[in-house]
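Note sheet for the following structure.
The values are calculated or read from the model by the stated rules, or taken from the named source; none is laboratory data. Note that the coordinates shown come from a computational prediction; the quantities given were computed from them, not determined experimentally. Every residue, glycine as well, gets a Cβ built from its backbone with ideal geometry; the counts of neighbours run over all protein chains shown.
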Amino acid sequence: MDANLDNVIRIWLSGGWVMIPLLLLAAMLYYTAMQVLLYCYKEGPQGKHAREWQDWITDPSKATGTSGAIIRFTQHGVSSSAQIRGRFEEVTESLLVHVEQRLTLVRMMVAAAPLMGLLGTVIGMLFTFDGISKGAGSDTASRVAEGISQALITTQTGLMIALPGIFMVLVIQRRIKLWRSRIIKLEGMTLSKFNFPS
């Protein structure tokens, strides 16, 4: 176990100083993405069956969670279908603005990870060329190997940070689409309950 840990630390350190910002970027990226994912699964309109929503729309006092709050807000004191639509737009904006802002931040960090790895690649290649230009015997080979190692490790680390981030972004986007479709469905069901003249 200790040999494996020593090996990981040795490889990590051979990536040079770029590995520190990569580590910080990874921590920020995954922390923010996990926050957004937890928010997406905890908040938003619940209820999977149209029958359950229909009961809640008919009697808003039975409704629970975020769906209940949406139903009560969109039905309280309405006098036209335009009012209901306006309230549903408000609900959509208030629910999704936090998620979409955080999603933008996560996307930026996902895009930054490979670029930061590329920075390490460039630094490693410069170190390699410096070793070649000062070449004198066995020292040249070790300097070239060290530079190539740094270049490859930082590139790999940047990609390894970005790939799970891409999957997290896709899951969050899917959840946002689900929220939107549920809100549209709730809106249609609420409008059909009141049946205001157009």
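Across the range 48-60, not a single residue is classified as under 32 Å from the mean Cα position of the chain (by Cα), over 17 Å from ILE184 (Cα atoms), assigned to a helix (DSSP H, G or I) and not polar (S, T, N, Q). Residue pairs whose Cβ atoms lie under 8 Å apart, separated by 6 or more positions or on different chains, with the first residue in the range 71-91 and farther than 21 Å from TRP179 by Cα and hydrophobic (A, V, I, L, M, F, W, C) and the second at pLDDT below 80 and assigned to a helix (DSSP H, G or I), are VAL78/PHE194.
So, ILE166, is that one closer than 30 Å to ARG10 by Cα, of a type in the set (Val, Ile, Thr) and modelled with pLDDT of 90 or more or not? Don't jump to the end; show me each part of the working.
Values: closer than 30 Å to ARG10 by Cα: yes; of a type in the set (Val, Ile, Thr): yes; modelled with pLDDT of 90 or more: yes.
Yes, satisfied.
All conditions but one from (1) over 30 Å from TRP53 (Cα atoms); (2) under 34 Å from the mean Cα position of the chain (by Cα); (3) of a type in the set (A, V, I, L, M); (4) surrounded by fewer than 20 Cβ atoms within 10 Å (Cβ to Cβ) apply to VAL144; the one that does not is (2). Remark: pairs (first residue in the range 153-182, exposed (fewer than 15 other Cβ atoms within 10 Å of the Cβ); second residue outside any helix (DSSP H, G or I); Cβ separation under 8 Å; 6+ apart in sequence or on different chains) = LEU178/GLY44. For the subset of the range 114-141 comprising residues that are assigned to a helix (DSSP H, G or I) and either of a type in the set (D, E, K, R) or touching a Pro at 6+ places or on another chain (Cβ under 8 Å) (or both), which member is surrounded by the most Cβ atoms within 10 Å (Cβ to Cβ)? Filtering first and then ranking leaves MET116.
Would you confirm whether or not the range 101-109 contains a residue that is surrounded by fewer than 14 Cβ atoms within 10 Å (Cβ to Cβ), of a type outside the set (A, V, I, L, M) and either assigned to a helix (DSSP H, G or I) or touching a residue at least 40 places away in the same chain (Cβ under 8 Å) (or both)? Spell out how you get there, then give the answer.
From the range 101-109, those surrounded by fewer than 14 Cβ atoms within 10 Å (Cβ to Cβ) are 101, 104, 108; that's our starting set.
From the residues that got through so far, the ones that are of a type outside the set (A, V, I, L, M) too are 101, 104.
Keeping just the survivors that are either assigned to a helix (DSSP H, G or I) or touching a residue at least 40 places away in the same chain (Cβ under 8 Å) (or both) gives 101, 104.
For the range 101-109, residues surrounded by fewer than 14 Cβ atoms within 10 Å (Cβ to Cβ), of a type outside the set (A, V, I, L, M) and either assigned to a helix (DSSP H, G or I) or touching a residue at least 40 places away in the same chain (Cβ under 8 Å) (or both): present.
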